[in-house]
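The values are calculated or read from the model by the stated rules, or taken from the named source; none is laboratory data. Note that the coordinates shown come from a computational prediction; the quantities given were computed from them, not determined experimentally. Virtual Cβ from ideal backbone geometry, glycine too; neighbours counted across all protein chains shown.
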Amino acid sequence: MPGSLLPIRTVAHLTGVNPITLRAWERRYRLITPQRTPKGHRLYTEHDVERIRNVLGLLEQGISIGQVKPLLDRPARQPVTADSSPGEGWQGHQDNMLRAIADFDEPALETIYNEILSLYPADVVSRQLITPLLRTLGERWQDSGTGIAEEHFFSVFLRNKLGARIHHVSPRSRSPLLLLACLPGEQHELGLLFFALASLDYGYRILVLGANTPLEQLPGVLEKRPCAGIVLSCSHRPARAVLEVDLPALIEKVDVPVFVGGRITSGQQKRFEAAGAICVGEMLADSLRQISRTLNTD
């Protein structure tokens, strides 16, 4: 309804930006100014929602949150470029985290990580910071006497932090429940955990099974805990039997949509779709929008 006012949880579902981040954008950067009820609850207009989406568009271009406000009201055709000043933007965040990782300084790493995740949606953090950071760690391990230990240290840290944050969020009890798991043979679950966190920001409840999950056991899980959909993650090409036997068998046995996301899906889309799955790619926000459209939860 035009002119209607929306509570913060609804805005979080519509935009994928969690309430903590929305409040930080308001207090620290004055990016939005919601109305207030007599009891102090925030209410947002449709214009506020559109402004939040414009903020997200800038962040997805690599703009840091501190640069966003003067760009929101720029002329439509004026080009946008990220600030490349030393210590600013995503490169600065990555450099700070790399120093903390190299020193095995968990308190410093936690301070940086918590600050970033309070200011940016999970999908933006994953794409602009964590993925490049993991790539850098993987490329430099041969040049450092502690490179492998650094990569393991950060992976364990990140898994613990994401798990704690996932368990801390309490979606509404009537929200749709998604079952999240990695395909058989997929040992890398960080992408799945970031997707889990982004799903919570969108208002879903989640049941996370983690790495290397046998697909034949998922129908039994759904019998005990009915879900609105299954989301499978993969970063490497799965075994032929998974694509040609296990995945089609799963889809035949369950009566909910089965989505597949991750880096490998772009090159294997036809094979996944031939098995009956719905490919949602590796961009978390786009994946969740597609899932919401399929489940009619927009």
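Numbers for the structure displayed
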{"read-out": "Extreme residue, nearest to Gln94 (Cα to Cα), among residues of the range 25-77 that are of a type in the set (A, V, I, L, M, F, W, C) and in contact with a Ser or Thr (Cβ under 8 Å, 6 or more places away or on another chain)", "value": "Leu56"}
{"read-out": "Test: Leu58 is within 26 Å of Phe195 (Cβ to Cβ) and not in a helix (DSSP H, G or I)", "value": "no"}
{"read-out": "Residue under evaluation Gly62, criteria (1) in contact with a helix residue (DSSP H, G or I) (Cβ under 7 Å, 6 or more places away or on another chain); (2) at negative phi; (3) not basic (Lys, Arg), criterion not met", "value": "(2)"}
{"read-out": "Residue count, the range 248-298 (criterion: at pLDDT 90 or above and small (Gly, Ala, Ser))", "value": "8"}
{"read-out": "For Leu43: the one exception among (1) more than 23 Å from Leu129 (Cβ to Cβ); (2) part of a helix (DSSP H, G or I); (3) hydrophobic (A, V, I, L, M, F, W, C)", "value": "(2)"}
{"read-out": "Neighbours by Cβ (under 6 Å, 6+ apart or cross-chain): first from the range 84-99, under 13 Å from Val125 (Cα atoms); second modelled with pLDDT of 85 or more and of a type in the set (Ser, Thr, Tyr)", "value": "Gly89/Ser64"}
